[in-house]
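Down below is the structure, laid out as structure tokens.
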Amino acid sequence: MTTSINSRQHQTGAYLLEALIGILIFALGVLGIVGLQAASLRTTTDSAMRAEAVFAANQLLSQMWADDENSLVANYSSAFNGQPYKDFAAQLKSAQGGTWVADPAVVFDTIAPPSQQSHYVVINIQWKSTDGDVHNYTTAGVVGQN
């Protein structure tokens with residue numbers, strides 16, 4: 001009988017230790033899920049900003065295709081700050097909100113266009129992610145007549 005009492009005394013607190021280890025494992029699992037949720041939220045926010053930049057650049061390029069090709073550079077170039085460019089930059093700034101970095105760059109004829117009546121245009125939009133990194137979206141197209 002003495003051996004059974006001694007073995008019981010050696011096991012004192014074993015259940016408590018098992019319970020504490022179980023709580024620790026559960027807490028680590030909960031922290032992991034919270035970390036995944038935070039990463040998912042950052043990715044979703046960055047994806048939304050990228051989609052907004054793509055939409056805005058395509059909208060501006062479509063507006064250029066519909067406009068008179070003789071006034072494209074004066075109206076849409078970021079160097080000349082025409083009214084259509086100012087409207088585009090203001091709309092983009094309001095859509096980006098706190099992620100706004102700088103005015104979008106709209107540059108014409110960095111390479112030779114396919115004809116005398118057309119222009120090669122490059123649109124570059126920047127925004128700041130939740131991490132503080134600056135991201136870019138750049139698109140290019142040919143506007144005018146071929």
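The values are calculated or read from the model by the stated rules, or taken from the named source; none is laboratory data. Keep in mind that what you see is a predicted model, and the values were worked out from it rather than measured. Here the Cβ is made from the backbone with ideal geometry for all residues, glycine too, and neighbour counts use every protein chain on show. We work out accessible area using only protein heavy atoms, side chains counted, and drop any ligands, DNA or RNA first. Shrake-Rupley method; radii C 1.70, N 1.55, O 1.52, S 1.80 Å.
Which whole DSSP H helices in the chain pass both tests: a Cα extent of 15 Å or more along the axis and a mean Kyte-Doolittle value no lower than -0.5? Span-like helices, by this rule, are 14-66. In this structure, residue 131 and residue 100 have a Cβ-Cβ separation that, at R0 = 22 Å, corresponds to a calculated FRET efficiency of about 0.85. Computed over Cα pairs, the Kirkwood radius of the chain leads via Stokes-Einstein (1.306 mPa s, 10 °C) to a diffusion coefficient of 81 µm² per second. The packing ranking of peptides 130-139, 12-21, 56-65, highest mean first, is 56-65, 130-139, 12-21, where packing means the average number of other beta carbon atoms within 10 angstrom of each residue.
So, with a 1.4 angstrom probe, what is the percent of accessible area on the chain that is carbon and sulfur? The C+S portion of the solvent-accessible surface of the chain is 59 percent. When you count the other C-beta atoms within 10 angstrom of each residue and take the mean per peptide, 23-31, 72-80 line up highest first as 72-80, 23-31. So, in nm, how far is label residue 40 from label residue 90 when the simple model puts each one 7 Å beyond its Cα toward the Cβ? Roughly 4.0 nm, to one decimal. Once the Cβ-Cβ distance of residue 139 and residue 33 is raised to the sixth power relative to R0 = 41 Å, the FRET efficiency obtained is 0.65. Any idea which of 71, 51, 38 is furthest toward the positive side of the dipole for the chain, if Lys and Arg beta-carbons carry +1 and Asp and Glu beta-carbons -1? Of the options given, the answer is 38. Ordering 33-44, 98-109 by mean Cβ neighbour count within 10 Å, with the highest value first, yields 98-109, 33-44.
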